[in-house]
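S.K.: Sharing a structure here in structure tokens format.
The values are calculated or read from the model by the stated rules, or taken from the named source; none is laboratory data. Since this is a predicted model, take the numbers as computed values, not measurements. Cβ sites come from the backbone with ideal geometry, for glycine too, and all protein chains shown count toward neighbours. Keep in mind that these areas ignore ligands, DNA and RNA; they rest on the heavy atoms of the full protein, side chains included. Shrake-Rupley method; radii C 1.70, N 1.55, O 1.52, S 1.80 Å.
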Amino acid sequence: MVSIEKQTVVITGASSGIGASCAKMFAKEGVSLILAARRRDKLEVVATEIKQAYQSKVYLLEVDVRERGEVEKSFASLPESWRNIDILVNNAGLSRGLDKLQEGDIQNWEEMIDTNVKGLLYVTRSLLPGMVERNQGHIINIGSIAGHQNYPGGNVYCATKAAVRALSEGLKMDLFGTPIRVSSVDPGTVETNFSNVRFRGDTEKAKRVYQGMNPLTPDDIAEIVVFCATRPSNVNMSEVLVLATDQSSATMVNRQK
Ligand code: NDP
Ligand code: 8X3
């Protein structure tokens, strides 16, 4: 394990779930953290916990990754001492609905594409030139099993995660010959607020996603993200597909009745 102490790490979607767990796990490694999301109050809760436990330096960015101008301005106006980003975790993302495409809500499609694909691109475009200039950096994209396998009703969400996978591959080619690494961490079912967001607060429906199975936890994923970030410089964890033991594919989940 290589030390990343004192490095600066940006995590998008750090107000909840996998992103919030990543923030805590990275804080343990002694990094400075830039935590980004739309809900400042939730970011503040994560930041307070981290500062108390690890005395970490934390900078909060209230930003909607779908808004290109907002993303550019947020990163361009970082104080000088926060500008040299070493690690970017592109985690902000969401699903909306689980409808057949022929019945799909187009607004849901826009939201998923704008967040999961365009948002990731805007953030990466803002931070990658600095990494290239400094000849140092690591981008870790949170993909999904949904980028490898479709499932009924997953249509547009799966397409966005397939796009994330393609972007990780493409980025590795564009960075060929540089020491900058690109990793894709692609989880299966993780119990977070994800399903609540997908089903717009229908908690009963959301609970059923995890019922009778033992899902992954956000900490399971955060540990893997930090593992990727702490490999020696000759090692790039290119793609990690991580599933709950109870999950064999996007559609095969072992549930106890
Ligand atoms: P959560 O709903 O718990 O967290 C999603 C995070 O994304 C929140 O912090 C949210 O913050 C942020 N976010 C959403 N939209 C935006 C936006 N427009 N601008 C900025 N931040 C935004 O879900 P997860 O932790 O599960 O999801 C994290 C990532 O993991 C997503 O990319 C998801 O697709 C992926 N994933 C999840 C799996 C699962 O089973 N849970 C499995 C595989 C991948 P805020 O609302 O404050 O803006
Ligand atoms: C989240 C996991 O299977 O609900 O990406 O798409 S899944």
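S.K.: Modelled label-to-label distance, ARG134 and THR48, 7 Å Cα→beta-carbon offset: nm?
M.R.: For ARG134 paired with THR48, the spin-label model returns 3.1 nm.
S.K.: Here's another thing I want to ask about it. State the Cα centre-to-centre distance between segment 231-257 and segment 175-201 in whole Å.
M.R.: So the separation of the two Cα centres works out to 12 Å.
S.K.: For VAL156, what is the net charge nearby, where nearby means another residue's Cβ is under 14 Å from its Cβ and Lys, Arg count +1, Asp, Glu -1?
M.R.: Local net charge: -1.
S.K.: Enter the angle in degrees (range 0 to 90, nearest 10) between the Cα long axis of helix 40-54 and the first principal axis of the Cα atoms of the chain, meaning the one along which they spread out most.
M.R.: That helix lies at roughly 60 degrees to the long axis.
S.K.: What order do you get for 159-167, 74-82, 121-129 when each peptide is scored by the mean count of other beta carbon atoms within 10 Å, highest first?
M.R.: In decreasing order of mean packing, 159-167, 74-82, 121-129 become 159-167, 121-129, 74-82.
S.K.: If you don't mind, another one. Of the heavy-atom accessible surface of the chain (probe 1.4 angstrom), what whole percent is carbon and sulfur?
M.R.: 49 percent
S.K.: Between ASN84 and ASN196, what's the calculated FRET efficiency when r is the beta-carbon distance and R0 is 35 Å? Round to 0.05.
M.R.: 0.45
S.K.: Excluding ligands, DNA and RNA, what is the solvent-accessible area per residue of segment 8-242 at a probe of 1.4 Å, expressed in Å²?
M.R.: 46 Å²
S.K.: OK, next. I'd like the orientation of helix 218-229 relative to the chain: the angle between its Cα long axis and the longest Cα principal axis, in ° from 0 to 90, rounded to 10.
M.R.: 40 degrees
S.K.: Also: Highest mean first, how do 83-93, 233-243 rank when packing is the count of other Cβ atoms within 10 Å averaged over residues?
M.R.: Numbers: 83-93: 23.7, 233-243: 14.5.
Most protected by this proxy first, the peptides run 83-93, 233-243.
S.K.: Something else about it: Taking K and R as +1 and D and E as -1, what net charge do the other residues with C-beta under 13 Å from the C-beta of ALA222 add up to?
M.R.: Details: positive: LYS24, LYS28; negative: GLU29, ASP219, ASP220, GLU223.
Neighbourhood net charge equals -2.
S.K.: Could you compute Rg(Cα) / (2.2 N^0.38 Å) for segment 104-244, with N its residue count?
M.R.: 1.13
S.K.: If you line up the long axis of helix 155-174 against the longest principal axis of the chain, both from Cα atoms, how many degrees apart are they, to the nearest 10?
M.R.: Helix 155-174 and the main axis of the chain meet at about 30 degrees.
S.K.: Rounded to the nearest 500, what is the 222 nm mean residue ellipticity of the chain from helices alone, with -39500 (n - 2.57) per DSSP H run of 4+ residues and division by all residues?
M.R.: -12500 deg cm²/dmol
S.K.: Only bridges with both residues in the chain count here: give the DSSP antiparallel percent, nearest 5.
M.R.: Of the beta bridges lying entirely in the chain, close to 5 percent run antiparallel.
S.K.: Let me ask something else. Is there a pair in LYS42/LYS207; LYS28/LYS257; LYS57/LYS172; LYS172/LYS205; LYS51/LYS205 whose C-alpha atoms are over 28 Å apart, and which pairs would that be?
M.R.: Long pairs (Cα-Cα over 28 Å): LYS28/LYS257; LYS57/LYS172; LYS172/LYS205; LYS51/LYS205.
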